[in-house]
Amino acid sequence: MAVMEYIDAIRLAMKEEMERDENVFILGEDVGVKGGVFTTTKGLIDQFGEERVMDTPLAESAIAGVAIGAAMYGMKPIAEMQYSDFMLPATNQIISEAAKIRYRSNNDWNCPIVVRAPIGGGIFGGLYHSQCPESIFFGTPGLKIVAPYSAYDAKGLLKAAIRDPDPVLFFENKKCYKLIKEDVPLDDYIVPLGVANVLREGDDITVIGYSMPLHFCMQAAEELEKEMGITAHVLDLRTLQPLDRDAILASVRKTGKVLIVHEDNKTGGIGAEVSAIISEECLYDLDAPIMRLCSPDVPAMPISPPMEKFYMLTKDKVKEAMIHLANY
Amino acid sequence: MNKEVPAMNDKENTKLKNQHEQLGLSDGQVIDMYRYMLLARKFDERNLLLQRAGKINFHVSGVGQETAQVAAAFALDREKDYFLPYYRDYGFVLAVGMTPRELMLSAFAKAEDPNSGGRQMPGHFGSKRLRIVTGSSPVTTQVPHAVGFALAAKMKKQDFVSFVTFGEGSSNQGDFHEGCNFAGVHKLPVIIMCENNQYAISVPIHKQISGKISDRALGYGFPGIQVDGNDALEVYRVVKEARERAIRGEGPTLIEAMMYRLSPHSTSDNDLAYRTQEEVDENWKKDGVARMKSYLISLGIWDEAKDADLVVQLNMEIKEATDYADHAPFPKPEDTLLHVYASAEEEKSWQ
């Protein structure tokens, strides 16, 4: 065990997997000598050399497409997109190619790539350094999508993603990089894909979320218990695709009241699907309408501080929504 | 003798003979090349008929492009190299080992189709056994994939190359440029061959490209070569040289093979809406398959009787393939749900 930041856990996962399997390599912009714009790959080039920690030309479709080709050969590429906002030029490679390679070849070929991309705002990144694009890829069968909240999960999920035979999008939250700091085992473990995690047991309301907003949910839950005696049951989806339906339904049945929280905008977000699953499967277990707290339906987050603050979720916004649900 | 081939004096005759010998090709190999070209031509013609007869849904033709396709395949290592063909490459995939039966199973969308189990349109080739990498319909996405295979060759110190094809219209896609640039920067063993057939569906070359496709290689720091795609031996020579360069670690080569799409874009296209019959007829005179036949006959290693025999043989092979595919079972409807992700067992074996 060692206390480390979320970003260190991601780096450690890559280091361990590269030591374990020589077919694992990293490619992306500035990942080599600079060690990534966030330092996620810092030092890895010294250990593994410039071929396995490869600085690529600035062209995201090639980063994804070359990774896909190498993966079909038998390599295990980790393609880094500097910001998830810049991932869209690679969307055709990810959705038309990576996601469909196993299916279209009738199981003859497979595509074991990991695409890592930082999501989320609150860093004065403006419209194009703040986005949460998971809904663009969500609903594309053939892709797995992971979005860890904790440092422990970040390490374990990334290791599982690297060892997965299918393409995995790994959305790491850039606000979590330094904010989340906790004990992480230094030994080899994985957190399986497709399995949600109960962060907190409670009886009054259920909160379902993923990635950074869970930080606010947990803070709000603690305060609510102390201040008002309301106990919240908090479920971290961890894997967005495939969703852990059983865990979602179990957590809803526990309290009968559910709030879904995410930073991606509300319309067409992951929360819409989670809500639909709940409606289809356990409508009569509900004691209140399903509620969602998400970012507003505007194209992306503005940089001006009051606007960014307005856009971002906060502990207080989450707490208010939780009280509203508890009182329903 | 074919009347179109002029009588030649001894000197020219000798020069003709040397055309394939000096490339290291035996008489048997060039006859074999011709056989694959003609097989692809006959296969294509049969598919057009089958579509018109309502037996199959769709066909994208490669008529007029077989020469360069087959010649390129012969210049590669068909035991080692990785191939990323595009949807007109019937001649290519036949020459690297896919059988007419396998292709017909795809045309009929039957369960046994090795390309996709009846999931994809015909012309979307793929076979791990033959190292034909599965392809899609959005054009040119395969160029970065080929570069990825070449990157793997370099990283794993393997002596194979990747070979990728696409049309001239596709060479305007970002993936072409991004792939070329990546391959150039890392000096990767990839051969990038554009089959310039003059048309992107209905849009002619002068509305697609203002320069020369082969010149684009200059910007990426590797050689770009334009070659007559109807000249099998020239295509063979440039692909072989490109492969030798790649294996020596000297990086990629862009080849622009000039040809003409003699058939409509697909069975859903009326090409005479945008080009004239005269233009098409003019290009039939340059057909590389007929040219190869004339070459073989002029050397005295082939004749009309042998050719007639070969046509009968190929037609029989295609008929057998058609009958087999026609009678083969469709996939089970519920198999639609299979192979979205790895099976639980496969997943476990990777962990």
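FYI, it's all coordinate maths here, none of it is from the lab. If you're wondering where the values come from, they're calculated on a predicted model, not measured in any experiment. Every residue, glycine as well, gets a Cβ built from its backbone with ideal geometry; the counts of neighbours run over all protein chains shown.
In terms of surrounding Cβ atoms within a 10 Å radius of their Cβ, B:THR253, A:THR140, B:THR322 rank from fewest to most as A:THR140, B:THR322, B:THR253. Here r is the Cβ-Cβ distance between B:VAL340 and B:LYS212 and R0 is 41 Å; the resulting FRET efficiency, rounded to 0.05, is 0.40. Placing dummy labels 7 Å off each Cα toward the beta-carbon, the span from B:MET316 to B:SER137 is 3.8 nm. Compute the longest continuous run of chain B that contains no exposed trypsin sites (Lys or Arg not before Pro); treat a site as exposed when its DSSP state is not H, G, I, E or B and it has at most 10 other Cβ atoms within 10 Å. With a cap of 10 other Cβ atoms within 10 Å, the longest stretch comes to B:4-128. Other protein chain C-beta atoms within 10 Å of residue C-beta, averaged over B:179-186: 4. Out of every Cα pair in the stretch A:1-146, what percent are spaced more than 21 Å from each other? Summing the P(r) of the stretch A:1-146 above 21 Å gives 44 percent of all pairs. Qualifying chymotrypsin sites (Phe, Trp or Tyr not before Pro) in the stretch A:128-217, where qualification requires a DSSP coil assignment and no more than 14 other C-beta atoms within 10 Å, comprise A:TYR128, A:TYR189.
Taking chain B as a Gaussian network of alpha-carbon nodes connected by springs under 10 Å, the highest mean-square fluctuation of the residues B:ASP32, B:ASP309, B:ASP326 belongs to B:ASP309.
Over the residues of chain B, the helix contribution to mean residue ellipticity at 222 nm works out to -14000 deg cm²/dmol, using -39500 (n - 2.57) for each DSSP H run of at least 4.
Counting only GluC sites (Glu not before Pro) that DSSP places in a loop and that have at most 12 other Cβ atoms within 10 Å, the longest clean stretch of chain B runs over B:80-351. Of interest is the spacing of the C-alpha centroids, which for the stretch B:153-220 and the stretch B:278-343 amounts to 26 Å. Of B:SER61, B:SER210, A:SER61, the sequence from fewest to most neighbouring Cβ atoms within 10 angstrom is B:SER210, B:SER61, A:SER61. Residues whose amide H falls under 5 Å from that of A:CYS132, counting only those 5 or more places apart or on a different chain, are A:GLY120, with hydrogens built in the peptide plane. Take each residue in A:89-99, count the other chain C-beta atoms within 10 Å of its C-beta, and the mean is 3. For the stretch A:1-66 versus the stretch B:222-247, the inter-centroid distance based on Cα atoms is 37 Å. At q = 0.12 Å⁻¹ the log10 of I(q)/I(0) for the stretch A:197-327 amounts to -0.42, computed by Debye summation with a single uniform scatterer per C-alpha, solvent ignored.
Among A:LEU286, B:LEU337, B:LEU218, B:LEU25, sorting on how many other beta-carbon atoms sit within 10 Å of each Cβ, with the fewest leading, yields B:LEU337, B:LEU218, A:LEU286, B:LEU25. Rounded to the nearest 500, what is chain A's calculated 222 nm mean residue ellipticity when only DSSP H runs of at least 4 contribute -39500 (n - 2.57) each, over all residues? Estimated from H runs of four or more residues: -11000 deg cm²/dmol. The stretch A:204-223 and the stretch B:71-97 have Cα centres spaced 56 Å apart. Other protein chain C-beta atoms within 10 Å of residue C-beta, averaged over B:106-118: 2. Run through the DSSP bridge list for chain B and note the antiparallel percent, rounded to the nearest 5. Counting only bridges with both partners in chain B, antiparallel ones make up about 15 percent. Helices in chain A that qualify as membrane-span-like (whole DSSP H runs, Cα extent of at least 24 Å along the helix axis, mean Kyte-Doolittle hydropathy of 1.6 or higher) do not occur. Sites listed here are chymotrypsin sites (Phe, Trp or Tyr not before Pro) in the stretch B:260-326 whose DSSP assignment is loop and whose Cβ has at most 14 other Cβ atoms within 10 Å: B:TYR274. Within a straight-line Cα-Cα reach of under 21 Å, A:LYS309 can be paired with the following lysines, leaving aside sequence neighbours fewer than 8 residues apart in one chain: A:LYS174, A:LYS175, A:LYS178, A:LYS266, A:LYS317, A:LYS319.
For chain A, a Gaussian network of Cα nodes joined below 10 Å ranks A:ASP264, A:ASP287, A:ASP236 by mean-square fluctuation, and the top entry is A:ASP287. The charge dipole of the protein assembly as shown, taken about the Cα centre with unit charges on the Cβ atoms of Lys, Arg (+1) and Asp, Glu (-1), comes to about 720 debye, rounded to the nearest 20. Note on A:SER279 and B:GLN29: their simple-model spin labels are 6.7 nm apart, each label 7 Å out from Cα toward Cβ. Of the residues B:PRO138, B:PRO114, B:PRO189, which exhibits the maximal mean-square fluctuation in a Gaussian network model of chain B defined by a 10 Å Cα contact cut-off? Highest fluctuation of the listed residues: B:PRO138.
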